[in-house]
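For reference, the structure is listed below as structure tokens.
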Amino acid sequence: MSDIIRMLPESVANQIAAGEVVQRPASAVKELLENTIDAGATEVRLIVKDAGKTLIQVTDNGCGMSEGDARMCFERHATSKIQTAHDLFSIRTLGFRGEALASIASVAQVELKTKKERDEIGTQLIIEGSEVKSHAPVNTSNGTSIQVKNLFYNVPARRNFLKSNTSELKYILEEFYRVALVHPDVGFTLYNQDKVMFQLHSANLRQRIVSLFGMNYNQRLVPVEQQTNMVNISGFIGKPEFAKKTRGEQYFFANGRFIRNPYLHHAVEAAFRELIPKDSYASYFLYLEMDPANIDVNIHPTKTEINFTDSKSIYAILQAAVRQALGKFNLTTVIDFEQELSMDVPPLKPGQVIRQPQITVNPEYNPFEKKKEFQPSLRFDNPGKFTGSQGGRENFSHDLHRELNIPPAPLADLIDKLGTGSSPGLGLEFGTENHELFQVANSFIVTETPKGLMIIDQQSAHERILYEEMLDSGSNDNNLSSKIIPVTLSFSPDDAVLLKDLLGDFKTLGFEITEFGNNDFVLQSVPHDLGHTDFHGAVEHALESIKNELPGKNAVKNQLIAKALAKSTAVKRGSNLKKEELEDLFRRLFNCRIPELSPYGKPVFFVLSFDELNKKFKS
Ligand code: ADP
Ligand code: MG
């Protein structure tokens, strides 16, 4: 029988390697940027078109390559950075595997132009799918310029697998930040669709962070500095009061390389614990320098996960360094966020499973039949809205229940569950008599109904009201938003990219936000009821909820945003409400389509029946 094992053609081997090295445009960007640093460049220009799908171009003023090297660099395992296995333990460059250019050239159309300073003339090389199409002398400036066109043009499966331009651009930005944050002394320019997105001049680290993430970062940063025999730690942490609802800027670098290390992350989180609310995240930009022999960088192909020989000690040193920095700046005693803590539902973590509310289903049940009984007796300022929307009401309920993942539940059952025993009906058949409202514990609204004592949770009630009013405001003629003194909102660039995409959704909810350039936005109007709120926090919370959207759940974006905004802007338990405010809240609640549930599916009120009250007092 003849032999069946044979060597794969080089181009196939390269494509297989590319699967590991180049997953998306951002991976090519990372490799190309790292090569410019390894080449000693001081000025780097990155150009992307269509989130790198059409073009990624990186130009540097680094050492350039000789004619021979220009050809060699596309061979697999061709590197100038190590020669022996021993060198692996003293790596100071970003690359060393010699795989990046070979991989990229196997899945794209690549043009390289390069020249060393001492050479008169440079070299141009055109390669498509590992095949050299042209190799010629060229007039070019010192340094290297690489164009990567039509990534994955010959691997349609991978190309189809790419996400939207917005998402792919976010990945690219993330790689760009990582390189720019380690090399503040290097100038970087990023062009996106022919427009300058970042122009970063050679600077110190603080200036670099500010030019990447916004001017307001300047006042947020606290320096960290710790020198020990084992490791030197430097960089900045964000002051606790600026902790964000989004897991934003958290960066570790070890020997000039971005790393992911949950263990070290834990050390920093532990130092911040008790200083920031549970669902907030502190920013940090921390740089570890140590003998390369104490790091094993080779355990992961893209090299962001690394091992330390003595992680325990590094953990302890890091935590102490962050604590000390916080202590030095007197940040440990000034913050009281008790109230804040009680008000927020932690955002869903990726992969977290939502527990379905346990409610019995009666498929025959039509909740609206019963509700009609009490509608005419309630007095509304705007009864038109209530009666006119009957058709939409059903749809809305349907949507809501689907959204909450609960079947349209018999409301009476729900109330039963809450222990009222008030059926049939909801005990909501108000007469035309005066019903006074009382606030108790600054948290609940209590009133009498013909069936019993109604107790309303003011916070859930207000969330329901805001949620529905926001969703209505876009479709209604009587737009409920009102102009405010414009507030500037600054976001990290990736949040800014996300927000730009969502401006239309925010607008339909009554939030008029306009771009102001440089990741800044101006908020001009908000739903009229919102008064003085932390709008920045609210928008951030909404962005977070979009990011945490469960994959495949296909939730409607503006509903997600409305929910999050309602949650963070609603009046909280513990706030004293005036009589008129109680009445307003009550009236608007029962003007809602689904007054009995908060947008997150929590009960808004229940009725303690007179029967039950009687039972309590029977001897
Ligand atoms: P690695 O960086 O792991 O060595 P690459 O495939 O990224 O592998 O690059 C191969 C070689 O090409 C590098 O070792 C370097 O000598 C050369 N090279 C790549 N990019 C540049 C550049 N921008 N300037 C000068 N030389 C470069
Ligand atoms: Mg490289």
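The values are calculated or read from the model by the stated rules, or taken from the named source; none is laboratory data. What you see is a predicted model, and the numbers here were worked out from it, not measured in a lab. All Cβ positions, glycine included, derive from the backbone under ideal geometry; neighbour counts span all protein chains shown.
Just give me the residues in segment 191-228 being among the aliphatic types (A, V, I, L, M) and either surrounded by 14 or more Cβ atoms within 10 Å (Cβ to Cβ) or touching a residue at least 24 places away in the same chain (Cβ under 8 Å) (or both), in sequence order.
Of everything in segment 191-228, those that are among the aliphatic types (A, V, I, L, M) and either surrounded by 14 or more Cβ atoms within 10 Å (Cβ to Cβ) or touching a residue at least 24 places away in the same chain (Cβ under 8 Å) (or both) turn out to be MET197, LEU200, ALA203, LEU205, ILE209, VAL210, LEU212, MET215, LEU221, VAL222, VAL224.
If the Cβ limit is 9 Å and pairs must be 6+ apart or interchain, which residue in segment 162-190 that is among the polar types (S, T, N, Q) pairs with which residue that is part of a strand (DSSP E or B) and surrounded by fewer than 23 Cβ atoms within 10 Å (Cβ to Cβ)?
Here the result reads THR189/GLU43; THR189/ARG45; THR189/ILE47; THR189/VAL196; THR189/MET197; THR189/PHE198; THR189/GLN199; THR189/LEU200, each pair linking segment 162-190 to a residue that is part of a strand (DSSP E or B) and surrounded by fewer than 23 Cβ atoms within 10 Å (Cβ to Cβ).
If GLY517 passes every condition in (1) over 30 Å from PRO486 (Cβ atoms); (2) under 34 Å from the mean Cα position of the chain (by Cα) but one, which one does it miss?
(1)
Of the numbered conditions (1) polar (S, T, N, Q); (2) away from ligand 2 (no atom under 16 Å from the Cβ); (3) surrounded by 22 or more Cβ atoms within 10 Å (Cβ to Cβ); (4) more than 22 Å from GLN15 (Cβ to Cβ), SER130 fails exactly one; give the number of that condition.
(4)
When you check PHE258 against the structure, is it assigned by TED's automatic domain parsing to the domain that holds TYR315 and closer than 18 Å to SER490 by Cβ, yes or no?
Considered against the rule, which asks whether it is assigned by TED's automatic domain parsing to the domain that holds TYR315 and closer than 18 Å to SER490 by Cβ, PHE258 comes out as no.
Residues in segment 276-288: is at least one under 17 Å from TYR177 (Cβ atoms), surrounded by fewer than 21 Cβ atoms within 10 Å (Cβ to Cβ) and not assigned by TED's automatic domain parsing to the domain that holds ALA542?
So far as segment 276-288 goes, yes, one or more of its residues are under 17 Å from TYR177 (Cβ atoms), surrounded by fewer than 21 Cβ atoms within 10 Å (Cβ to Cβ) and not assigned by TED's automatic domain parsing to the domain that holds ALA542.
I'd like the residue in segment 574-606 that is in a helix (DSSP H, G or I) and of a type in the set (Lys, Arg) and, out of all such residues, is nearest to the chain's Cα centre (by Cα).
The qualifying residue nearest to the chain's Cα centre (by Cα) is ARG588.
Table: residues versus (1) outside the structural domain of ARG97 (by TED's automatic domain parsing); (2) surrounded by fewer than 22 Cβ atoms within 10 Å (Cβ to Cβ); (3) touching a residue at least 12 places away in the same chain (Cβ under 8 Å); (4) within 14 Å of ligand 2 (Cβ to nearest atom).
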residue: ASP3; (1), (2), (3), (4): yes, yes, no, no
residue: ASN14; (1), (2), (3), (4): no, no, yes, no
residue: GLU43; (1), (2), (3), (4): no, yes, yes, no
residue: ILE47; (1), (2), (3), (4): no, yes, yes, no
residue: LYS53; (1), (2), (3), (4): no, yes, yes, no
residue: ASP60; (1), (2), (3), (4): no, no, yes, yes
residue: ARG71; (1), (2), (3), (4): no, yes, yes, no
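Output the residue which, of all residues in segment 28-47 that are closer than 21 Å to LYS170 by Cα and of a type in the set (D, E, K, R), is farthest from ligand 1 (Cβ to nearest atom).
That would be ARG45.
From the list TYR153, TYR177, which residue is more than 16 Å from ligand 1 (Cβ to nearest atom) and surrounded by fewer than 19 Cβ atoms within 10 Å (Cβ to Cβ)?
TYR153
How do the strands (runs of 3 or more DSSP E) wholly within segment 168-249 filter down when requiring 1 or more residues that are among the basic types (Lys, Arg): which remain?
Filter on segment 168-249 gives 195-200.
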